[in-house]
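Encoded as structure tokens, the structure appears first; notes follow it.
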Ligand code: ADP
């Protein structure tokens, strides 16, 4: 809302009228809800057949039921990779839906920030090595009030993006600092391709990817950051990103500190 600064100066005679714009958002909300419900039902229905296709492909790949020609092997590999992607997508949609609806109970307790960081780094070490990216962390001594598994998942998602969008031989840092009282800020910093300034907020929305071909090329679903945001907000924290194109990005999120 723009309040004419003339009013602020107290020069009321100069204000001859004002313009107000209102819109009814209840329809939009109902449509959003229907869309959410539709996505959730479809994902749920897809999960059972998908799991069965997935396990059948895994059994075929062992070769115990007979050998495939090299072309058959290649086809099997593609089918396996693509079902992996679908399973990931369906699981992400369901995860997001569950967290959003408030159905999951966060099991919050006192967690040592360093333990969370170390666990996330251990989980992502193999992917980092495969990509030739080096993960660095700095020892910290903070205690936060958090659901351990969900925060490790948040850190893992951010690390996985940092690795995915970084060139080989580059560094990714993970640290925690205190920038304001009662909150600890976690940071995941990379020297990767960066994010355009006008996308820094939208990337936290569902299915938003800077490059729409990324889901194919990099196996992403465009849901990771939306899940991170739900988790962090469920802890009373905030999440945001800063970035410079071709220089790198830093993702930040805050969690309440537990005073010792
Ligand atoms: P995805 O599964 O595509 O990684 P996310 O929700 O995790 O989905 O991220 C959304 C988009 O934000 C990504 O597709 C990418 O365009 C951008 N992004 C996220 N993290 C980074 C990063 N560290 N560097 C560059 N771009 C990023």
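The values are calculated or read from the model by the stated rules, or taken from the named source; none is laboratory data. All figures in this text were calculated on a predicted structure; none of them were measured in a lab. Ideal geometry is used to build each Cβ from the backbone, glycine not excepted, and the neighbour counts take in all protein chains shown.
Here are a few things to note about the model shown:
- The residues of the stretch 237-260 that are more than 13 Å from the ligand (Cβ to nearest atom) and not in a strand (DSSP E or B), listed by number, are 237, 238, 258, 259, 260.
- Test: residue in the stretch 133-141 that is at pLDDT 95 or above, within 16 Å of the ligand (Cβ to nearest atom), assigned to a loop (DSSP other than H, G, I, E, B) and at negative phi: yes
- Residue in the stretch 5-27 that is modelled with pLDDT of 85 or more and assigned to a helix (DSSP H, G or I) present: no
- Residue 208 more than 19 Å from residue 247 (Cβ to Cβ), near the ligand (Cβ under 9 Å from one of its atoms) and surrounded by fewer than 16 Cβ atoms within 10 Å (Cβ to Cβ): yes
- Test: residue in the stretch 105-124 that is in contact (Cβ under 8 Å) with a residue 40 or more places away in the chain, over 20 Å from residue 241 (Cβ atoms) and assigned to a loop (DSSP other than H, G, I, E, B): yes
- Among the residues of the stretch 206-218, none qualifies, meaning not one is assigned to a helix (DSSP H, G or I) and touching a strand residue (DSSP E or B) at 6+ places or on another chain (Cβ under 8 Å).
Residue by residue, here is whether (1) within 25 Å of residue 40 (Cα to Cα); (2) more than 13 Å from the ligand (Cβ to nearest atom) holds:
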{"site": "194", "(1), (2)": "no, no"}
{"site": "202", "(1), (2)": "yes, no"}
{"site": "224", "(1), (2)": "yes, no"}
{"site": "235", "(1), (2)": "yes, yes"}
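- All of 121, 87 fail the test of being at pLDDT below 90, in contact with a helix residue (DSSP H, G or I) (Cβ under 8 Å, 6 or more places away or on another chain) and over 16 Å from residue 230 (Cβ atoms), apart from 87.
- Residue check, residue 64 out of contact with any helix residue (DSSP H, G or I) (no Cβ under 8 Å at 6 or more places or on another chain) and either assigned to a helix (DSSP H, G or I) or at pLDDT 80 or above (or both): yes
- Residue count for the stretch 203-244, restricted to those that are at pLDDT 95 or above and more than 19 Å from residue 153 (Cα to Cα): 3.
- Some residue of the stretch 166-189 being within 6 Å of the ligand (Cβ to nearest atom) and either touching a strand residue (DSSP E or B) at 6+ places or on another chain (Cβ under 8 Å) or in contact (Cβ under 8 Å) with a residue 40 or more places away in the chain (or both): no
- Total residues in the stretch 190-214, condition in contact (Cβ under 8 Å) with a residue 40 or more places away in the chain and within 14 Å of residue 226 (Cα to Cα): 2
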